[in-house]
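These notes are about the structure you will find just below.
The values are calculated or read from the model by the stated rules, or taken from the named source; none is laboratory data. Owing to the predicted nature of the structure, the values given are computational and were not obtained by experimental measurement. In this analysis, Cβ positions are derived from the backbone assuming ideal geometry, glycine residues included, and neighbour counts consider all displayed protein chains.
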Ligand code: SF4
């Protein structure tokens, strides 16, 4: 589509933000097109365009991705509560609205996690990875230019 002069349509298409990067399309493609990677590049270009004020991304996914990576960088593993506390206020535009939206989303989902032992008092506090793993994680973030 970009080659057909539809660059704007490609970059502003909200479908590229729905991709979960599961790689199923890449594994199944008979032409060996790395579709998930192509979508990843489209998302990165769209983010750069938005930073430059040339495009408005109609998805909260970039906020989620940034919060997710920030938690990984900080603790070396995913800290769910930290992710939610960082993501929701940015998504909703204020801390109070964010906390209300978080409670609404977590009402059923959170209870299911709690019942399966995935959420509880221990999950309220972040656990850090070992020092050696922390060094490796730092190298990864330096390599990807964070
Ligand atoms: S990687 Fe491919 S199959 Fe998986 S969610 Fe993204 S587009 Fe869909």
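Quick rundown of the values:
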quantity	calculated
Flag if residue 53 is touching a residue at least 12 places away in the same chain (Cβ under 8 Å) and either more than 16 Å from the ligand (Cβ to nearest atom) or surrounded by 14 or more Cβ atoms within 10 Å (Cβ to Cβ) (or both)	no
Selected residue (criterion: farthest from residue 62 (Cα to Cα)) from residues of region 28-38 that are more than 16 Å from the chain's Cα centre (by Cα) and surrounded by 11 or more Cβ atoms within 10 Å (Cβ to Cβ)	29
Meets criteria (near the ligand (Cβ under 10 Å from one of its atoms), in contact (Cβ under 8 Å) with a residue 24 or more places away in the chain, surrounded by 14 or more Cβ atoms within 10 Å (Cβ to Cβ) and not assigned by TED's automatic domain parsing to the domain that holds residue 137) for residue 12	no
Test: residue 19 is within 16 Å of the ligand (Cβ to nearest atom) and assigned to a helix (DSSP H, G or I)	no
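Matching residues to (1) modelled with pLDDT under 95; (2) surrounded by fewer than 16 Cβ atoms within 10 Å (Cβ to Cβ); (3) not in a helix (DSSP H, G or I):
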site	(1), (2), (3)
69	yes, yes, no
72	yes, no, no
88	no, no, no
101	yes, no, no
